[in-house]
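One structure is given below, encoded as structure tokens.
The values are calculated or read from the model by the stated rules, or taken from the named source; none is laboratory data. Computed from a predicted model, the values in this text were never measured in an experiment. Heads up, the Cβs are rebuilt from the backbone with ideal geometry, glycines too, and the neighbour counts pull from every protein chain shown. Keep in mind that these areas ignore ligands, DNA and RNA; they rest on the heavy atoms of the full protein, side chains included. Shrake-Rupley method; radii C 1.70, N 1.55, O 1.52, S 1.80 Å.
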Amino acid sequence: MSDVLDEATALIRCKECPWYKNCVTPMQISTEDVEHFRLMMQEANLPEQARTEMERIAESIASTSQNMILQSCPVFTQRLKDDPRLAQRIKEMMQNWGKEELDK
């Protein structure tokens with residue numbers, strides 16, 4: 001019974017999602033986020049060299065993560081976990097992206 005309720009809840013959440021939302025979006029790390037981290041590091045009473053190194057590492061991670069990490073809605077994530085065939089179909093779509101245009 002809980003499976004039916006979970007799926008119904010997921011359908012309602014999807015249908016109520018505003019049109020401007022995305023199921024999957026690239027991770028967004030703003031300059032404010034980086035600045036907030038710097039302020040936290042200053043309050044940590046670390047030696048200057050350690051603080052500088054931590055800031056450099058954090059900026060590197062932030063830069064890299066924007067190209068590698070996705071934020072996804074909980075309904076989409078759960079559906080991928082529950083249905084390996086869905087994940088496989090998406091993977092195949094990505095692997096074949098643009099091939100249709102080349103065949104024309």
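Annotations
- The range 24-34 - residue that is closer than 15 Å to S63 by Cβ and assigned to a helix (DSSP H, G or I) and, of those, most open to solvent (accessible area, probe 1.4 Å): T31
- Residue check for A50: modelled with pLDDT under 80, surrounded by 10 or more Cβ atoms within 10 Å (Cβ to Cβ) and part of a helix (DSSP H, G or I): no
- When each of I69, I90, I57, I12 is tested for being in contact with a strand residue (DSSP E or B) (Cβ under 9 Å, 6 or more places away or on another chain) and among the β-branched types (V, I, T), the lone residue that passes is I69.
- Q71 vs. criteria assigned to a helix (DSSP H, G or I), within 16 Å of the chain's Cα centre (by Cα) and surrounded by 11 or more Cβ atoms within 10 Å (Cβ to Cβ): no
- Members of the range 32-54 found to be within 22 Å of the chain's Cα centre (by Cα) and not aromatic (F, W, Y), listed by number: E32, D33, V34, E35, H36
- The range 74-103 residues that are at pLDDT below 85, paired with ones that are open to solvent by 80 Å² or more (accessible area, probe 1.4 Å) (beta carbon under 7 Å, 6 or more apart): V75/R13
- Residue count for the range 35-47 under the criterion of being assigned to a helix (DSSP H, G or I) and hydrophobic (A, V, I, L, M, F, W, C): the result is 4.
- R38, sole failed condition from (1) in contact with an Asp or Glu (Cβ under 7 Å, 6 or more places away or on another chain); (2) open to solvent by less than 70 Å² (accessible area, probe 1.4 Å); (3) charged (D, E, K, R): (2)
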